[in-house]
Amino acid sequence: MRTLIRDVRVFDGERTIATADVVIEDSTIALVGAGGDRPADVEVEGTGRTLLPGLIDAHTHVFDGSLAQALRCGVTTELDMFCLPQILAGQRRLAADNDDVADLRSAGTLATAPGGHPTQLLAALAGTVLNGLDAAAIDFVSDPAQAPAFVQARLAEGADYLKIVIDDGAVHGADLPVMTADIAAALSAAAHEAGLRVIAHAITASEVEIALEAGVDGLAHVWADLALDDPASQRLAERVRARGVFVVTTLAYFEAITAQHVETADCARPGSSINAIGALRALRRAGAPLLAGTDATPFVPAHGAGMHRELQLLTEAGLSAEEALAAATSVPARHFGLADRGRIAPGLRADLVLVEGDPTRDITATGSIAEVWRRGVRQAR
Ligand SMILES: [Zn+2]
């Protein structure tokens, strides 16, 4: 099966090509450039449109229906940051066997202190999306000596990386048990020993410091406790950059929880969204790698649609449109070792999104989706 997308603007994951022909052969990108003159089984008109690598959401939580919803909006890969093992097994099979859902990588069960974040949220979900699964029955880590066994159990459930949670609940208005620095360091070391990357959920500057000391590879959120122009944010961003740690942005998540605080008249924490923008700006100035992610759930942000909101928020916070698009394509692919995707180049997997207009100038164009291909399979629209 040979598909030709003719005369299309291409954002290849890193830069923009004004016009090119792109050929898909079966599951793979076969050609980018001039030379689409050989006959194709399918021809798609590219004039006035832009071809993007399939979007990669670097922070999601997958439940039934999430991966189909994501793909409809052009998110071809989801990097899940906590999924119960009973759910993960089925979702992983679904993503491997079908081309009408997004592909999936997952942390499996996250590491948190007994009773720590996010178990307070899971209790509320037991009767709905958890379908009666007992989230309180997950593995916990309460001693550094348990770290190697915890990591082995994640490997057994099919985890692609380790997620650790360092969060005392303050930003959520709670007071929760929190993982100690020595446990965080032991988990990080055990995961690296097993060949897994480590991503930390840390939501305040002091929690980020603990994560950096533990030697993590990435942060699952920007921090949200420092005021927009607090110089401490810039100093922390410089340390993140110096350690080579990447950061998943999740501005859509902060927007969602800020809206909840406003709705519930919780005036104590109205500022986490604006604080998160300050952290993001500091990280950009420092040159830290930024990965677009939403923290999508079955609620808000939504799978797929949340990614387009995230891209808008990133440009409103000061990223150029091309920087935002790279944060959703080539940058997460590089930092998660997904060498077969995230760019448009011959030999790579044909995960592609065709949109009307030019999102390299107007980021809102990412929402005007004309076509989506997953592993070369054109999606019904
Ligand atoms: Zn999350």
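For the pair residue 1 and residue 192 in one chain, pulling the backbone fully straight at 0.36 nm per residue adds 64.6 nm over the alpha carbon distance. Counting only heavy atoms of the protein chains and using a 1.4 Å probe, residue 121 has close to 90 Å² of accessible surface.
Full extension of the chain between residue 345 and residue 368 yields a length gain of 6.0 nm, computed as 0.36 nm times the residue separation minus the alpha carbon distance. By a 1.4 Å probe calculation restricted to protein chains, residue 43 has an accessible surface near 110 Å², given to the nearest 10. The long axis of helix 231-242 is offset from the longest Cα principal axis of the chain by roughly 70 degrees.
These residues, 225, 217, 100, 80, go from largest to smallest accessible area, 1.4 Å probe, as 100, 225, 217, 80. For region 17-110, taking the reciprocal of the average inverse distance between every pair of different Cα atoms yields a Kirkwood hydrodynamic radius of 15.2 Å. Relative to the longest principal axis of the chain, what angle (0 to 90°, nearest 10) does the C-alpha long axis of helix 205-214 take? Helix 205-214 and the main axis of the chain meet at about 80 degrees.
Label-to-label distance, residue 26 versus residue 142, with points set 7 angstrom from Cα along the beta-carbon direction: 5.3 nm. For residue 123 and residue 47, the FRET efficiency from 1/(1 + (r/R0)^6), where r spans their Cβ atoms and R0 equals 41 Å, is about 0.15.
Beta bridges per DSSP, both residues in the chain: antiparallel share near 45 percent. Region 317-360 and region 173-207 have Cα centres spaced 29 Å apart. Consider a paramagnetic label point 7 Å from the Cα of residue 19 along Cα→Cβ; state which residues of region 37-57 have an amide N under 16 Å from it. Within reach of a label on residue 19: 37, 44-51. Between residue 323 and residue 238, residue separation times 0.36 nm minus the direct Cα-Cα distance comes to 28.7 nm.
Element breakdown for the chain at a 1.4 angstrom probe: carbon and sulfur atoms account for 52% of the accessible area. Accessible area per residue was computed with a 1.4 Å probe on protein heavy atoms; residue 307 scores about 0 Å².
Translational diffusion of region 54-189, estimated by Stokes-Einstein from the Kirkwood radius over alpha carbon pairs at 20 °C in a medium of 1.002 mPa s, is 137 µm² per second. Helix 251-263 versus the longest principal axis of the chain: what is the Cα-based angle in degrees, 0 to 90, to the nearest 10? Result, in degrees: 60.
D by Stokes-Einstein for region 55-340, Kirkwood Rh over Cα pairs, 4 °C, 1.567 mPa s: 70 µm²/s.
The values are calculated or read from the model by the stated rules, or taken from the named source; none is laboratory data. All values derive from a computational prediction rather than experimental measurement. Here the Cβ is made from the backbone with ideal geometry for all residues, glycine too, and neighbour counts use every protein chain on show. To get the accessible areas, we keep the full protein, side chains included, count just its heavy atoms, and leave off ligands, DNA and RNA. Shrake-Rupley method; radii C 1.70, N 1.55, O 1.52, S 1.80 Å.
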